[in-house]
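Before any comments, here is the structure.
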Amino acid sequence: AKQPYDDSNIFARILRGELPSKTVLETDHSLAFHDINPLAPIHILVIPKGAYVSWDDFSARASDAEIADFTRAVGDVARQVGADAQGYRLLSNVGKRGGQEVPHLHVHIFGGQPLGPMLA
Ligand code: 5GP
């Protein structure tokens, strides 16, 4: 089921500067920061600055500029932290049944170890 964007979610609060985060990269339309509960030696979240609930919402409503910036940011972050050298995993949970806990689009970047079949 589609849900409206709730701007009290934790990533909206990080974007507004109300909560701290460890920034890895900031671009015009995207922000990347370390996951607070890392499940791998490299565990970074990349989010669009715009108010998008999920990948579903973002891919339907975001501008081409936002989509380009976000896509580029994910790859740039992986290279910036050296995850590209040994392989990494991208994951975006969509909706509660998809395992999404924070209702602001985020792509997880996992790396720094051999990755098994599933993470998060
Ligand atoms: P999801 O289950 O929605 O795909 O993933 C949410 C992720 O956000 C989890 O990996 C969780 O550890 C992370 N997270 C939750 N709250 C915070 C926070 O306040 N700061 C940071 N940096 N990460 C958070």
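Readers should treat all values here as calculations from the given coordinates under stated rules, not as data from a laboratory. Owing to the predicted nature of the structure, the values given are computational and were not obtained by experimental measurement. Here the Cβ is made from the backbone with ideal geometry for all residues, glycine too, and neighbour counts use every protein chain on show.
Look at the alpha carbon pairs under 8 Å that are at least 6 residues apart: their mean separation over the length of region 10-111 gives a relative contact order of 32 percent.
A rounded overall shape is assigned to region 10-111, the ratio a/c of its alpha-carbon gyration tensor axes (a ≥ b ≥ c) being less than 1.5.
Given R₀ = 30 Å, FRET efficiency for Gln3-Asn37 by Cβ-Cβ distance, to 0.05? Don't jump to the answer; show the numbers that get you there.
Working: r = 23 Å, r/R0 = 0.78.
According to the calculation, E is roughly 0.80.
Cβ crowding within 10 Å, taken as a proxy for footprinting-reagent exposure, orders Leu90, Leu25 from fewest neighbours to most as Leu90, Leu25.
Could you pull out the longest piece of the chain with no exposed loop trypsin sites (Lys or Arg not before Pro) in it, calling a site exposed if DSSP puts it outside H, G, I, E, B and it has at most 14 other Cβ atoms within 10 Å? It would help to have the intermediate numbers written out before the result.
Details: sites that count: Lys2, Arg16, Lys22.
Longest site-free region, per DSSP loop and neighbour criteria: 23-120.
Angle of helix 64-80 to the longest C-alpha principal axis of the chain, folded into 0 to 90 degrees and rounded to 10: 20°.
Let me spell out the model: positive unit charges on the Cβ of Lys and Arg, negative unit charges on the Cβ of Asp and Glu, origin at the Cα centre of the chain. What dipole size does that give, in debye rounded to 20? Could the numbers behind the result be given before it?
Details: 11 positive and 14 negative charges, 59 e Å.
The dipole of the chain has a size of about 280 debye.
In straight-distance terms, cross-link reach from Lys22 covers every one of the lysines whose alpha-carbon lies under 21 Å from its own, apart from those fewer than eight places away in the same chain; here that gives Lys49.
What is the extension gain from Arg13 to Ala60, computed as 0.36 nm multiplied by their sequence separation minus the C-alpha to C-alpha distance, in nm to one decimal? Provide the component values of the computation, followed by the final result.
On the way: separation 47, 0.36 × 47 = 16.92 nm, distance 2.34 nm.
Additional length available on full extension: 14.6 nm.
The calculated 222 nm mean residue ellipticity attributable to helices in the chain amounts to -7500 deg cm²/dmol, summing -39500 (n - 2.57) over DSSP H runs of n ≥ 4 and dividing by all residues.
Applied to region 54-60, the Karplus parametrisation 6.51 cos²θ - 1.76 cosθ + 1.60 on θ = phi - 60° returns per-residue 3J(HN,Hα) values of 7, 4, 4, 5, 4, 5, 7 Hz, with x for Gly and Pro.
Placing dummy labels 7 Å off each Cα toward the beta-carbon, the span from Ile67 to Leu91 is 2.6 nm.
A straight chain from Lys22 to Asp84 at 0.36 nm per residue would run longer than the Cα-Cα distance by 20.3 nm.
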